[in-house]
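Inspection log for the structure reproduced underneath, given as structure tokens.
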Amino acid sequence: MKATTGRRHGRRASRPGRLRALRTRFDALGREIAKFGVVGALGVLVNFAVFNLMRHGTDLQVVRASVIATVVSIVFNYVGFRYFTYRDRDKSGRAKELTLFLLFSVVGLVIENGVLYVATYSFHWDSQLQSNVFKFLGMGLATLFRFWSYRTWVFKALPARETVARAESFLDEPDAPPVHRVKP
């Protein structure tokens, strides 16, 4: 009977720890999404400003003006992501990081401007308002892809301190069998 009570107590003791670890992970993801959103929102403003300046200040076609605006915002976003959103991430392979960032950014550029291209040249929706609406929709789709790809492949996380701490905390649980630690 006493062993059962101990097991139950052990489960209860570890449940708050698991909830705390889960809450910590969600809080970190929330902060990451917020920082990504700040840089992304500023990038959207840069993108729209350059797009509309190029569209009304030059004779460029809609999609060409959009591609130029997207390239300018990609440069802006890299600086923001590297030095604000993901400043705590691994910095050891900058050449590889920049190459992957550019690769995934080009895919995002194709997604973003593909939507605008289809709206403009397939459906002839090319008024100023329509162009901005479809550029915005394309940016939304491209942003989902970029968020996933940047956090998964470009700005990789360093080994999580919380994971190590959580793993070590299991060694210190009162109902856990004794563990003999070897000192280095």
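Descriptive notes on the structure:
- Considering residues of region 78-106 that are free of Cβ contacts under 8 Å to residues at least 60 places away in the same chain, open to solvent by less than 60 Å² (accessible area, probe 1.4 Å) and not aromatic (F, W, Y) only, the residue farthest from A34 (Cα to Cα): G93
- Residues of region 35-90 that turn out to be part of a loop (DSSP other than H, G, I, E, B), of a type in the set (K, R) and out of contact with any Phe, Trp or Tyr (no Cβ under 8 Å at 6 or more places or on another chain), as a count: 1
- Being open to solvent by less than 40 Å² (accessible area, probe 1.4 Å), over 13 Å from Y150 (Cβ atoms), touching a residue at least 24 places away in the same chain (Cβ under 8 Å) and not charged (D, E, K, R) is a condition met by at least one residue of region 19-41.
Residues are listed down the side, and each one gets a yes or a no for (1) modelled with pLDDT under 95; (2) more than 23 Å from V75 (Cβ to Cβ); (3) touching a strand residue (DSSP E or B) at 6+ places or on another chain (Cβ under 6 Å):
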residue: Y117; (1), (2), (3): no, no, no
residue: S127; (1), (2), (3): yes, yes, no
residue: W148; (1), (2), (3): yes, no, no
residue: R151; (1), (2), (3): yes, no, no
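The values are calculated or read from the model by the stated rules, or taken from the named source; none is laboratory data. Please read all numbers here as calculations on a predicted model, not as lab measurements. Reconstructed Cβ throughout: ideal geometry from the backbone, glycine too, with neighbour counts over all protein chains shown. The protein model used for the area step is the full one, side chains on, heavy atoms only, and it has no ligands, DNA or RNA in it. Shrake-Rupley method; radii C 1.70, N 1.55, O 1.52, S 1.80 Å.
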